[in-house]
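Student: Mind looking over this structure? Questions follow.
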Amino acid sequence: MTHRWISLLSILVAAHALGQTEAPRTAPMQQGTTVRDGFQGGWSVATGQLAKAEEKELDDAELEVAFGLDVIRSERNASLARNQGVIPQSDQGRIQALSDELNRRQPDSFDAHMANYYTAFPTPTAFQELDLAIARDRDRAELVAPRLVNAVRTDNTTELTLRAKDMRDRGGIAPPLYLVANDILASTEPGAIFFAAGDMDLFPLLVEQFVRGKRKDLLVVDLRLLGDPSYRLRIWERTKASGKVAPADQFVQDLASATVRPVYVSLALGQKELAPLKEKLYTTGLAMRYSTIPIDNIPLLESRWAAFRKPMDAGPLSQNYLLPGSVLLLHYRAIGDEPRASRLEYELRDLAQRVGATNALFRSGVLAH
């Protein structure tokens, strides 16, 4: 990837909502409203509802009564969406206040333990709270996603299969995300390691692997869990990596140097996660290969682009198709292949318009006004 394409990557990533988030600018919901997470199509809230709720905040009086689990989850989703997958300190304080109030009013309840799970995630304490919530009511739908994440954390194949089936049956994954997952699978080599950004790219991949039996050779790693030393150790051992287990902030790079398995990262990663990696990233489709050795990624992109499903109703993940398409377009322009450049530019203009990212492609220089 040339430096120009690295700059393009930064611009496009800045324009994207991340895979672990819900729709951008989603406002807090009131009690009694069903909370839809990103992987359930949370971005598909009716336009009128979003407009009505735009910029709404809970004031101090409302905080006193809005202590339900749904409100906490909604506040958390909204903060993740507004801040590219990171909850800032100000929002953490609001969410913690809601959780504290719920714990005060309903101590040791299912909802209180789940609130604690969300406020502590992704630390080991969160999963201790998850166990306590399961002990209160193991059949609640709110447990489907956290239990699948916990199966990933413990790297338990039997539990992963069971929880992936539960996710398929009860999790309500938005169907277009399965199309994205299959395009991700088609973008990685056999035996690869793939670092997922969050729920939206992680869950459909796990269902495809552990329920539908696709690409069982691919090891899917949840980047959010790397702060847990025991999880890092399990991944290190699973990949037969040599040497000392790497720290969280250096894990991707060090693992790539310590194992023979190719390493890929999700296009849904934010700029913070990509910053230390971007000089050695090569777009190979709907994933990026991390490699210290130069890779000719153009033949891979050309063979995969036409076969991709490219769903434009997969919420923020639909925008990720713009990066491989843009890399290909810049290549065609660089070699003077005007016929293919023209066809691809027409397709990219259509895709960008449908996902609301036309201005990002203008700013990056991929499209001309």
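Student: Tally up the residues in the range 231-264 that are farther than 24 Å from T284 by Cβ, β-branched (V, I, T) and not in a loop (DSSP other than H, G, I, E, B), please.
Tutor: Selection size over the range 231-264: 0.
Student: Still on this model: Residues of the range 78-103 being of a type outside the set (A, V, I, L, M), over 16 Å from P316 (Cα atoms) and not in a loop (DSSP other than H, G, I, E, B), which ones?
Tutor: Matches in the range 78-103: Q89, S90, D91, Q92, G93, R94, Q96, S99, D100, E101, N103.
Student: I'd like to check something: does the range 264-274 contain any residue that is over 23 Å from the mean Cα position of the chain (by Cα), under 20 Å from A186 (Cβ atoms) and buried (at least 20 other Cβ atoms within 10 Å of the Cβ)?
Tutor: Restricting attention to the range 264-274, the residues satisfying the condition of being over 23 Å from the mean Cα position of the chain (by Cα) are none.
Within the range 264-274, not a single residue is over 23 Å from the mean Cα position of the chain (by Cα), under 20 Å from A186 (Cβ atoms) and buried (at least 20 other Cβ atoms within 10 Å of the Cβ).
Student: For the range 111-125, enumerate the residues that are assigned to a helix (DSSP H, G or I) and farther than 14 Å from R73 by Cα.
Tutor: Taking the range 111-125 first, the residues assigned to a helix (DSSP H, G or I) are 111-120, 124-125.
Hits for the range 111-125 are P124, T125.
Student: Would you please list the contacts, defined by Cβ atoms under 6 Å and residues six or more apart or on different chains, that run from a residue in the range 308-337 that is at positive phi to a residue that is crowded, with 19+ Cβ neighbours inside 10 Å?
Tutor: As it stands, the answer is K310/Y321; G315/W43, since those pairs meet every condition given.
Student: Go through the residues of the range 153-167 one by one and say whether even a single one is modelled with pLDDT of 95 or more, of a type in the set (S, T, N, Q), closer than 15 Å to D199 by Cβ and surrounded by 14 or more Cβ atoms within 10 Å (Cβ to Cβ).
Tutor: Checking the range 153-167: not a single residue is modelled with pLDDT of 95 or more, of a type in the set (S, T, N, Q), closer than 15 Å to D199 by Cβ and surrounded by 14 or more Cβ atoms within 10 Å (Cβ to Cβ).
Student: Here's a follow-up. Scan the range 98-122 residue by residue and report those that are surrounded by fewer than 18 Cβ atoms within 10 Å (Cβ to Cβ) and closer than 14 Å to G68 by Cβ.
Tutor: Matches in the range 98-122: D100, R104, R105, Q106, S109.
Student: Give just the number: which of (1) touching a residue at least 60 places away in the same chain (Cβ under 8 Å); (2) closer than 30 Å to Y282 by Cα; (3) of a type in the set (V, I, T) does V207 not satisfy?
Tutor: Checking V207 against (1) touching a residue at least 60 places away in the same chain (Cβ under 8 Å); (2) closer than 30 Å to Y282 by Cα; (3) of a type in the set (V, I, T), the one that fails is (1).
Student: List the helices (runs of 4 or more DSSP H) that sit entirely inside the range 293-369 and contain at least 1 residues that are under 17 Å from L185 (Cα atoms). I'd like the intermediate steps shown before the answer.
Tutor: On the way: elements: 298-305, 322-334, 338-355, 358-364.
Where helices (runs of 4 or more DSSP H) fall fully within the range 293-369 and carry at least 1 residues being under 17 Å from L185 (Cα atoms), they are 298-305, 322-334.
Student: Okay, moving on. Filter the range 211-232 down to the residues that are surrounded by fewer than 18 Cβ atoms within 10 Å (Cβ to Cβ) and over 17 Å from V149 (Cα atoms) and list them by number.
Tutor: R212, G213, K214, K216, D217
Student: Test A145 against the criterion of being modelled with pLDDT of 95 or more and either small (G, A, S) or not assigned by TED's automatic domain parsing to the domain that holds P311 (or both), and give yes or no.
Tutor: Criteria met by A145.
The values are calculated or read from the model by the stated rules, or taken from the named source; none is laboratory data. What you see is a predicted model; the values in this text were computed from it and never measured. Backbone-built Cβ (ideal geometry, glycine too); neighbour counts: all protein chains shown.
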